[in-house]
Amino acid sequence: MAEPNVGDTFIPALYKPSALLPIAQHREALLYTIETYPVTIVVGQTGSGKTTQIPQYMEKAGWCSDGKSIAITQPRRVAATTVAARVAEEMRCQLGQEVGYSIRFEDVTSSKTRIKFLTDGLLLREALVDPLLSRYSVIMVDEAHERSLSSDILLGLLKKIRKKRADLRIIISSATLDAENFLRFFASDSSEKKAQGKDDNTKDIGRIISLEGRMFPVDIHYLIDPVEDYVERAVQTVLDIHSKEPAGDILVFMTGREEIETTIDRITDRVQDLNPRLQTLQALPLYAGLPTDQQMYVFEPAAENTRKVIVSTNIAEASVTIEGIVYVIDCGFVKLRAYNPKTGIETLTAVPVSKASATQRAGRAGRTKAGKCYRLYTESAFKSLEESTVPEIQRSNLAPVILQLKDLGIDNVARFNYITPPPSQLIIRALELLFSLGALDTYARLTKPLGTRMAELPLEPMLSKALLQAVAPEFNCLSEMLTIAAMMTLQGTVWVSHNDNRKAEDHARRKFAVEEGDHLTLLNAYHAFVTKGKKDAKWCRDHMLNFKALTKAVSTRNQLRKHLERFGIDVSESLYGQEDVVRVGGRDKAERIRRCLTTGFFAHAARMMPDGSFKTVDGGTTLWAHPSSLMFNRKADWVIFHEVMETGEKTYIRDVTKIEKDWLVEYAPEYYRVQQR
DNA sequence: GAGCACTGC
């Protein structure tokens with residue numbers, strides 16, 4: 001086999017006839033196992049060909065002959081689309097015919113589609129309509145070891161479905177560490193089997209198949225002594241590699257934007273002191289918040305006689321693959337989200353990575369040839385790391401998950417088949433919130449129609465409640481709430497901030513500013529966009545609005561409107577021409593919108609203190625308006641807010657709107673009786 | 001007076 005060329009834009013697998021992939025030797029074994037057992041766990045690294053080949057093997061072996069198809073789930077949209085394209089190419093068919101994909105807003109499938117790639121979240125949505133997922137003969141859950149919220153729920157659901165569908169075949173792709181765990185999960189059964197003294201039936205349920213990946217060895221280097229300032233150490237290591245090591249690009253893992261910028265500044269400063277005969281060193285940032293055009297630079301091959309250094313967040317650990325990386329520098333930390341059920345506050349804090357994560361990072365150095373990984377911590381520190389990252393389901397606000405489970409007909413959410421159960425406090429808090437929103441009744445059953453409709457909308461529960469209330473005559477602001485909901489899903493990406501240009505951004509925002517707060521400001525920005533800037537990227541640039549984000553808001557709004565129409569809600573659009581009412585003298589409408597928002601966000605209420613900070617209703621937490629909020633520099637009394645996030649020292653609220661205190665008791669009497677106890 | 005790891009419906 002030829003060595004793949006360094007610098008190739010495509011990953012080697014694309015150039016290999018599929019018969020040469022390592023997986024080809026396992027074809028018979030795979031087909032036999034899948035035929036024989038309900039569950040197959042496939043262990044294989046990137047490059048093993050599992051995602052592209054297994055579906056083709058299954059299709060050729062006749063698993064689609066009865067009109068059913070094969071589903072392969074992916075945790076990310078981009079993976080679903082690109083893998084589908086590659087398989088279509090290998091099968092020499094047009095994408096959307098025999099091979100297709102389905103992601104939110106894009107369904108590229110047809111009645112002929114036999115192999116369908118889709119996001120795990122979307123397959124869960126399909127289960128709402130088709131509870132046994134009966135249109136599929138095979139369901140493959142790819143990258144299950146990432147333990148995303150959706151794939152965890154999907155596994156629990158598949159375990160349940162399996163008992164009712166003997167014909168269904170389940171394939172789980174996983175990293176080595178978790179394979180046994182996944183198999184045990186499917187084998188472990190409820191009380192009946194245990195009563196028969198049959199505890200372990202893993203052998204009847206499934207098998208694990210290991211595939212070798214296409215990976216080159218990576219030399220791991222540790223620090224001898226721990227280091228205080230890993231940013232500084234990373235900079236030194238980059239410069240050392242550049243002066244002493246052969247050609248090859250460098251990938252540095254940092255925790256966030258600020259560290260990334262510091263690292264790049266220092267590298268750029270000090271590279272000038274190095275031997276002028278060395279190659280040029282080009283440092284590039286990569287994080288999700290970076291505008292897309294700037295993200296693209298990291299994928300371009302470096303100019304001649306230039307070595308690239310990419311300083312990235314965790315996005316480069318699994319979501320994104322950069323070719324040509326030979327050296328990895330791992331700071332050993334990652335920013336993780338955690339949810340405190342007592343306060344309802346999410347925190348974002350840098351914590352040590354897990355061993356699994358550190359291994360994945362190191363592996364990024366061995367994709368094109370043998371590489372090196374420099375860990376900015378000691379070997380003993382590595383040994384004391386957790387084996388794997390705490391799954392999302394154990395550190396998230398579970399209200400959306402519980403709502404979805406209830407709609408799937410799972411009444412006892414505490415006893416659902418979780419592969420790892422969430423702490424009961426998280427479940428209790430979610431049930432309480434859903435009850436106070438009116439989505440659940442006193443028996444914790446989904447209410448009709450409110451609860452079921454909330455579950456079916458692709459929005460978080462507080463927002464779907466506010467949207468569904470907007471149709472009530474006392475609020476009568478459905479069109480506006482549709483827009484506000486769509487804009488809120490953009491999570492702060494509405495305005496583009498070019499570096500060092502925050503003042504201009506603030507200035508641009510002020511043009512759309514509405515006294516009552518951020519939600520009405522977003523409404524204004526959207527109206528201006530659809531009337532003036534929809535086809536005009538320049539208009540957006542002039543107003544510092546994010547063209548892509550607003551275009552997405554238009555899609556989201558359309559999708560939400562279709563959901564409402566399906567519910568039989570009349571969405572007569574009369575919004576155009578109404579924007580001036582909101583903006584100039586439309587006090588009544590603005591108040592109705594604010595009241596309507598309060599019906600959903602009463603649990604996110606706070607009062608401004610004389611020093612400009614906010615206090616939660618129970619008085620326990622001090623919050624600050626996020627600098628991106630209008631309330632950052634304005635006076636208010638009571639407010640509701642969309643999100644609260646603790647970063648570093650301070651706890652910030654985003655998307656803030658003024659309300660009246662009385663509205664809280666008016667729209668959430670039970671909730672505030674409990675709170676004021 | 002000053003800032004946001006990453007996904008997904």
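The values are calculated or read from the model by the stated rules, or taken from the named source; none is laboratory data. In this text, all values refer to a predicted model and were calculated from it rather than measured experimentally. When we count neighbours, we look across all protein chains shown, and the Cβ atoms used for this are built from the backbone with ideal geometry, even at glycine. Accessible surface is based on the protein model in full, side chains and every heavy atom, while ligands, DNA and RNA are left aside. Shrake-Rupley method; radii C 1.70, N 1.55, O 1.52, S 1.80 Å.
Counted as qualifying within the stretch A:317-416 are the helices (runs of 4 or more DSSP H) with 2 or more residues that are touching a residue at least 12 places away in the same chain (Cβ under 8 Å) and surrounded by fewer than 18 Cβ atoms within 10 Å (Cβ to Cβ), namely A:379-383. Evaluation of A:Gly67 against the conditions (1) modelled with pLDDT of 95 or more; (2) more than 15 Å from DNA strand B (Cβ to nearest atom); (3) among the small types (Gly, Ala, Ser) shows that the sole unmet condition is (1). Considering the stretch A:447-456, and only residues there that are surrounded by fewer than 22 Cβ atoms within 10 Å (Cβ to Cβ) and not hydroxyl-bearing (Ser, Thr, Tyr), the residue that is nearest to A:Ile402 (Cα to Cα) turns out to be A:Ala455.
In the set A:Arg257, A:Arg277, A:Arg270, A:Arg307, only one residue is among the charged types (D, E, K, R) and open to solvent by less than 30 Å² (accessible area, probe 1.4 Å); that residue is A:Arg307.
Let's see how each residue does on (1) within 13 Å of DNA strand B (Cβ to nearest atom); (2) among the aliphatic types (A, V, I, L, M); (3) under 30 Å from A:Thr389 (Cβ atoms); (4) modelled with pLDDT of 95 or more:
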site	(1), (2), (3), (4)
A:Met254	yes, yes, yes, yes
A:Thr280	no, no, no, no
A:Gly289	yes, no, yes, no
A:Asp293	no, no, no, no
A:Ser312	yes, no, yes, yes
A:Ala316	yes, yes, yes, no
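Listed here are the residues, each with its yes/no results for (1) open to solvent by 30 Å² or more (accessible area, probe 1.4 Å); (2) at pLDDT below 90; (3) assigned to a strand (DSSP E or B); (4) assigned by TED's automatic domain parsing to the domain that holds A:Thr598.
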residue	(1), (2), (3), (4)
A:Gly620	yes, yes, no, yes
A:Phe632	yes, yes, no, yes
A:His642	no, no, yes, yes
A:Arg654	yes, no, yes, yes
A:Thr657	no, no, yes, yes
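The C-beta contact set for the stretch A:281-302 (first residue among the polar types (S, T, N, Q), second residue more than 10 Å from DNA strand B (Cβ to nearest atom) and assigned to a helix (DSSP H, G or I), distance under 8 angstrom, 6+ apart or interchain) comprises A:Thr292/A:Lys548. Checking the stated criteria, A:Lys68 turns out not to satisfy the condition of being under 29 Å from the mean Cα position of the chain (by Cα) and open to solvent by less than 60 Å² (accessible area, probe 1.4 Å). Inside the stretch A:17-63, residues that are among the hydrophobic types (A, V, I, L, M, F, W, C), in contact with a helix residue (DSSP H, G or I) (Cβ under 9 Å, 6 or more places away or on another chain) and open to solvent by 10 Å² or more (accessible area, probe 1.4 Å) make up a count of 5.
Checked against the criterion of being farther than 22 Å from A:Tyr526 by Cα, within 12 Å of DNA strand B (Cβ to nearest atom) and acidic (Asp, Glu), the candidates A:Asp637, A:Asp611 yield just one match: A:Asp611. Within the stretch A:89-96, at least one residue is among the basic types (Lys, Arg) and either part of a strand (DSSP E or B) or over 29 Å from the mean Cα position of the chain (by Cα) (or both).
Apart from one condition, A:Thr73 fits all of (1) hydroxyl-bearing (Ser, Thr, Tyr); (2) buried (at least 23 other Cβ atoms within 10 Å of the Cβ); (3) within 16 Å of DNA strand B (Cβ to nearest atom); (4) farther than 16 Å from A:Arg169 by Cβ; the exception is (4).
All of A:Thr119, A:Thr109, A:Thr81 fail the test of being farther than 29 Å from A:Thr452 by Cβ, touching a strand residue (DSSP E or B) at 6+ places or on another chain (Cβ under 6 Å) and among the polar types (S, T, N, Q), apart from A:Thr81. Given the criteria more than 10 Å from DNA strand B (Cβ to nearest atom), assigned to a helix (DSSP H, G or I) and open to solvent by 10 Å² or more (accessible area, probe 1.4 Å), does A:Met481 qualify? Considered against the rule, which asks whether it is more than 10 Å from DNA strand B (Cβ to nearest atom), assigned to a helix (DSSP H, G or I) and open to solvent by 10 Å² or more (accessible area, probe 1.4 Å), A:Met481 comes out as no. For A:Pro422, the conditions (1) farther than 23 Å from A:Ile345 by Cβ; (2) outside any helix (DSSP H, G or I) are fulfilled apart from (1).
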